[in-house]
Each structure stands twice: as structure tokens, then as C-alpha cells.
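I have placed the structure first, in the form of C-alpha cells, so that the comments after it can refer back to it.
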Amino acid sequence: MNIKDVEALAETAKLELTGEEKEKLLSDMEGILKYLKQIEEVELLDIKVEHAIYNAWREDLPAQAGEDQGFSLDLITAQFPDSKDGFVKVKKIL
């Protein structure tokens, strides 16, 4: 990485940098890249997984009216000051 790379990055990001800021950014980025290089060199092939990995997500299915989902229509509409026929009434906003 060199100053030209920093200037191209600054131009892409629409940043106006002084020469001192460019040098500081170059130094910071070189440190980051050096650290990433160390991470890249880590060998993970000998690491054994101690537990099974599985998908903990539930299947995404549409809820059916009346299904027990931990709440009820009555409970929800009771939280609002005004409702009618299972619908929450709100002020008109336009």
C-alpha cells in the first residue's frame, strides 16, 4: 500500500486529506493489513469442534388466525385507547 492508494481511497470516499493525514492513514492501514496477514496465516485445520452445529431457526411459516403465539388479539387491542372489531383505531395522519 502506498500514498497513491490512500489518495484513491480518499477520492472514492469524497475525503479531503492533508499530506499529514494521508501519511497517518497509510500508517494505520499498513498496521491493519499486517494484523490481517497474521490472522490469515493461522492454521485451523487441526481444531476439532466440540459440539454439533445445527440451525436453530424455526421454519418460517405464515401464522394462522387463532393460533396461540403467546399473545391474543384481545390482549393487544386492550393496550390501545380505542379499537373496533379487532382493529386498532388511530388518528388520521396526512
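The values are calculated or read from the model by the stated rules, or taken from the named source; none is laboratory data. Fair warning: this is a prediction, and the values are worked out from it, not measured in the lab. Glycine also receives a Cβ, built like all others from the backbone with ideal geometry; neighbour counts cover every protein chain displayed.
For every residue, the table says whether it meets (1) on the phi < 0 side of the Ramachandran plot; (2) loosely packed, with under 10 Cβ neighbours inside 10 Å; (3) modelled with pLDDT under 95.
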residue	(1), (2), (3)
2	yes, yes, yes
42	yes, yes, yes
52	yes, yes, yes
62	yes, yes, yes
68	yes, yes, yes
76	yes, no, yes
85	no, yes, yes
94	yes, yes, yes
When you scan the stretch 9-18, how many residues do you find that are surrounded by 11 or more Cβ atoms within 10 Å (Cβ to Cβ) and either β-branched (Val, Ile, Thr) or part of a helix (DSSP H, G or I) (or both)? 3
What do you reckon, is residue 21 charged (D, E, K, R) and not in a loop (DSSP other than H, G, I, E, B)? yes
